[in-house]
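Comments concern the structure below.
The values are calculated or read from the model by the stated rules, or taken from the named source; none is laboratory data. From a predicted model like this one, the values you see are computed outputs, not experimental measurements. When we count neighbours, we look across all protein chains shown, and the Cβ atoms used for this are built from the backbone with ideal geometry, even at glycine.
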């Protein structure tokens, strides 16, 4: 007998692996990956060629109030600011096996609003 949460996690990891096989980040166009837990959202820009994280944000550290989606939007805005400061204008968006809606979509839209091309 299997636990449904283990099955869900394994399925998400499979989707994540399929996506990572198709996309890769460079210094000029890093990969922005999003991870969401029940309480927090993490986003980071990664240069896969050199294996370096260029910028990272965590919505729990931003000290903002509101819904999880509001906090995800603020995290996306902060990540856009950090990337602009590093001179990055375009990124590859990696949703890490999650559906493109809710908090994941909020981060992507906030990046676009911040002037980052996805």
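Brief remarks on what is shown
- Odd one out for residue 118 among (1) touching a helix residue (DSSP H, G or I) at 6+ places or on another chain (Cβ under 7 Å); (2) buried (at least 16 other Cβ atoms within 10 Å of the Cβ): (2)
- Top-ranked residue of the stretch 70-97 - restricted to ones that are in a loop (DSSP other than H, G, I, E, B) and in contact with a strand residue (DSSP E or B) (Cβ under 9 Å, 6 or more places away or on another chain), ranked as nearest to residue 20 (Cα to Cα): 96
To keep it simple, each residue is scored yes or no on (1) under 12 Å from the mean Cα position of the chain (by Cα); (2) under 23 Å from residue 27 (Cβ atoms); (3) at pLDDT 95 or above.
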position	(1), (2), (3)
48	no, yes, no
62	no, no, no
87	no, yes, no
96	yes, yes, no
108	yes, yes, yes
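- Flag for residue 64 being surrounded by 12 or more Cβ atoms within 10 Å (Cβ to Cβ), part of a loop (DSSP other than H, G, I, E, B), free of Cβ contacts under 8 Å to residues at least 60 places away in the same chain and out of contact with any helix residue (DSSP H, G or I) (no Cβ under 9 Å at 6 or more places or on another chain): no
- For the stretch 37-46, filtered to residues that are out of contact with any helix residue (DSSP H, G or I) (no Cβ under 7 Å at 6 or more places or on another chain), assigned to a strand (DSSP E or B) and more than 11 Å from residue 83 (Cβ to Cβ), the residue that is modelled with the lowest pLDDT is 46.
- Residue match in the stretch 15-32 (condition: touching a helix residue (DSSP H, G or I) at 6+ places or on another chain (Cβ under 9 Å), in a strand (DSSP E or B) and without any contact (Cβ under 8 Å) to a residue 40 or more places away in the chain): no
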